[in-house]
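Rule-based calculations on the coordinates, nothing more; no lab input. Worth saying up front: this structure is predicted, and the values here are computed from it rather than measured. Cβ: placed from backbone, ideal geometry, glycine included. Neighbour counts: every protein chain shown.
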Amino acid sequence: MKKPEVAIVMGSDSDWPLVKATTEILDKFGVGYDVRVISAHRTPDIAARFARSAARSGIKVIIGAAGGAAHLSGVIAAHTCLPVIGIPVQGGAVGGLDALLATLQMPAGIPVATVTLGSAGPVNAAVLAAQILAVSNDSLRRKLIKYKAALKQKVVKGNAKVRANLPGKGKR
């Protein structure tokens with residue numbers, strides 16, 4: 001197991017089915033990670049202690065996922081100088097809008113890079129974490145270049161498939 005460079009924290013274990021995609025992408029890039037359940041509201045002392053000690057343990061990027069009031073990423077960011085990426089978790093009475101706004105509406109000096117709601121959020125959080133690490137890791141940068149090229153090819157193949165199935169006059 002690679003030494004963790006990314007910490008993934010979530011406010012509840014119920015967030016795991018969504019957040020699991022983050023670990024799958026990090027595995028694809030060969031990036032080591034640590035996963036924890038830490039609540040900004042129910043375990044605030046643990047959240048602060050974790051954030052303050054993360055850099056000393058070798059963590060370079062923290063990904064935080066939370067729904068509802070979604071204060072986890074902001075609390076973590078308030079206690080560390082490491083980059084923090086927030087994943088707002090969809091659900092609740094307003095479909096995740098509360099989590100999205102709580103994650104991205106941070107005061108000056110406490111940035112949280114916020115990704116989208118839904119299944120793309122955890123993927124984008126992992127890719128962004130890898131991109132941050134790739135600034136000083138050429139091997140990881142090359143993996144990201146291949147990953148992005150594969151995304152492009154998927155679109156090119158999808159375009160060809162759709163165009164091949166257009167009825168009569170739609171083909172060009």
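Worth a mention:
- Residue with peak Gaussian network fluctuation, the chain [Cα springs, cutoff 10 Å], from Pro44, Pro88, Pro107: Pro107
- For the chain: Kirkwood Rh in Å [reciprocal of mean 1/r, alpha carbons]: 17.0
- Nearest 10 degrees, 0 to 90: helix 120-134 Cα axis against the chain principal axis: 80
- Assigned charges on the beta-carbon of Lys, Arg, Asp, Glu; the chain dipole about Cα centre (debye): 1280
- Under 5 Å between amide hydrogens, built in the peptide plane, is the criterion, and for Ile63 it picks out Ala7, Ile8, Val9, Ile85 among residues at least 5 positions away or on other chains.
- Test item: Cα-centred dipole of segment 102-172, Lys/Arg +1 and Asp/Glu -1 on Cβ, debye: 800
- Between Leu151 and Arg52, the C-beta separation translates, for a Förster distance of 35 Å, into a calculated FRET efficiency of about 0.45.
- Between the Cα long axis of helix 44-54 and the first principal axis of the chain there is an angle of about 70°, rounded to the nearest 10.
- Alpha-carbon centroid distance for the pair segment 32-71 / segment 133-172, whole angstrom: 34
- Cβ-to-Cβ counts within 10 Å put Ile25, Ile63 in ascending order as Ile25, Ile63, the fewest first.
- Where labels lie 7 Å past Cα in the beta-carbon direction, separation of Asn165 and Ala69 in nm: 4.7
- Across the chain, the relative contact order, built from alpha-carbon pairs under 8 Å that are at least six residues apart, equals 20 percent.
- Per-residue HN-Hα couplings for segment 161-168 [Karplus 6.51, -1.76, 1.60; θ = phi - 60°; Hz; x = Gly/Pro]: 5, 5, 5, 5, 9, 6, x, x
- Links that overshoot a 25 Å alpha carbon limit, given the list Lys20/Lys157; Lys60/Lys143; Lys20/Lys148; Lys28/Lys152; Lys60/Lys154: Lys20/Lys157; Lys60/Lys154
- Electrostatic bookkeeping for His79 treats Lys and Arg as +1 and Asp and Glu as -1; over the other residues with beta carbon under 9 Å from its beta carbon, the sum is +2.
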